[in-house]
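A short write-up of the structure that comes next.
The values are calculated or read from the model by the stated rules, or taken from the named source; none is laboratory data. No experiment lies behind these values; they were computed from the predicted model shown. FYI the Cβ positions are ideal-geometry reconstructions off the backbone, even for glycines, and counts take in every protein chain you see.
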């Protein structure tokens, strides 16, 4: 069974940092591109970062470019998100999602809540 | 960046009604469009990919159509379990984008 489990969310002050993890199981992690998607409370979905299976291709939305860093460790079956210079508008549930070519995001984690507040 | 719009933003319909949601892209995305259903507190669920392909296990009352810049999601006979928010997503580029969502309520 494919599973994606996010961790690392919590309360952080504006300007602070947080590192999220996404543990993958039930499939060959190194064969799939991965994404991060977030959802502010009561609002819609926002894609903001992609990483290819070998980490050779990385993309960010303008809203996080220069502040967030996506990475992966295929040996540990894990995806990461380093979030720096956090702002109140970064408050959201953060999801990792597996990218299947031609299909979209078939598998999602359960999400982890990040709250940026003083 | 490719922008996605959806209409309506909300709709209320009765059980058994035919419901249609429209999604438009700011430029052609061929058929690289997916539809997701999301219920409160849950992760999105993939319903349709490549504009009209039904994901395995999704009820056949859901269907998708369109190509280029205009797409539709149709629920042929609305059921109580279909109360949710529906999002379209373009994945023509690596920097994919979601539409703003359509909330479907049951009257």
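Of these, A:57, A:104, A:66, which one is in contact with a strand residue (DSSP E or B) (Cβ under 9 Å, 6 or more places away or on another chain) and closer than 18 Å to residue B:101 by Cβ? Don't jump to the end; show me each part of the working.
Details: A:57 fails: closer than 18 Å to residue B:101 by Cβ; A:66 fails: closer than 18 Å to residue B:101 by Cβ.
Exactly one of A:57, A:104, A:66 is in contact with a strand residue (DSSP E or B) (Cβ under 9 Å, 6 or more places away or on another chain) and closer than 18 Å to residue B:101 by Cβ, namely A:104.
Those residues that are assigned to a loop (DSSP other than H, G, I, E, B) and on the phi < 0 side of the Ramachandran plot, I need them from region A:74-118; list them, please.
A:84, A:86, A:87, A:91, A:101, A:103, A:109, A:110, A:117, A:118
Could you tell me which residue of region B:86-100 is farthest from the other protein chains (Cβ to nearest Cβ), considering only residues that are over 14 Å from residue B:62 (Cα atoms) and surrounded by 21 or more Cβ atoms within 10 Å (Cβ to Cβ)?
B:90
Limited to region A:41-54, what total is found for residues that are over 14 Å from the mean Cα position of the chain (by Cα), surrounded by 13 or more Cβ atoms within 10 Å (Cβ to Cβ) and more than 9 Å from chain B (Cβ to nearest Cβ)?
So the answer is 1.
Do we have residue B:48 as farther than 18 Å from residue B:102 by Cβ and surrounded by 21 or more Cβ atoms within 10 Å (Cβ to Cβ) here?
Answer is no for this residue.
Report, by residue number, each residue of region A:55-71 that is surrounded by 17 or more Cβ atoms within 10 Å (Cβ to Cβ) and away from every other protein chain (no Cβ under 11 Å).
Matches in region A:55-71: A:64, A:68, A:70.
Considering every residue within region B:76-91, establish whether at least one is at pLDDT below 95, out of contact with any helix residue (DSSP H, G or I) (no Cβ under 8 Å at 6 or more places or on another chain) and assigned to a loop (DSSP other than H, G, I, E, B).
Looking only at region B:76-91, we keep the residues that are at pLDDT below 95, and these are B:91.
Pick out the ones that are also out of contact with any helix residue (DSSP H, G or I) (no Cβ under 8 Å at 6 or more places or on another chain) and you get B:91.
Filter once more, so that each one left must be assigned to a loop (DSSP other than H, G, I, E, B): B:91.
Yes.
Any chance you could count how many residues in region B:51-71 are part of a loop (DSSP other than H, G, I, E, B) and either under 28 Å from residue A:5 (Cβ atoms) or in contact (Cβ under 8 Å) with a residue 40 or more places away in the chain (or both)?
So in region B:51-71, the residues part of a loop (DSSP other than H, G, I, E, B) come out as B:51-52, B:55-61, B:68-69.
Narrowing the set further to residues that are either under 28 Å from residue A:5 (Cβ atoms) or in contact (Cβ under 8 Å) with a residue 40 or more places away in the chain (or both) leaves B:55-59, B:68-69.
Within region B:51-71, residues that are part of a loop (DSSP other than H, G, I, E, B) and either under 28 Å from residue A:5 (Cβ atoms) or in contact (Cβ under 8 Å) with a residue 40 or more places away in the chain (or both) number 7.
How many residues are in a strand (DSSP E or B) and under 18 Å from residue A:113 (Cα atoms) if we restrict to region A:51-68?
Total meeting the criteria: 1.
Can residue A:102 be described as without any contact (Cβ under 8 Å) to a residue 24 or more places away in the chain, more than 15 Å from residue A:6 (Cβ to Cβ), loosely packed, with under 13 Cβ neighbours inside 10 Å and more than 11 Å from every other protein chain (Cβ to nearest Cβ)?
On the way: without any contact (Cβ under 8 Å) to a residue 24 or more places away in the chain: yes; more than 15 Å from residue A:6 (Cβ to Cβ): yes; loosely packed, with under 13 Cβ neighbours inside 10 Å: yes; more than 11 Å from every other protein chain (Cβ to nearest Cβ): no.
Judged against the criteria, residue A:102 is not a match.
I'd like the residue in region B:32-44 that is more than 8 Å from chain A (Cβ to nearest Cβ) and assigned to a strand (DSSP E or B) and, out of all such residues, is nearest to residue A:110 (Cα to Cα).
Among residues in region B:32-44 that are more than 8 Å from chain A (Cβ to nearest Cβ) and assigned to a strand (DSSP E or B), the one nearest to residue A:110 (Cα to Cα) is B:37.
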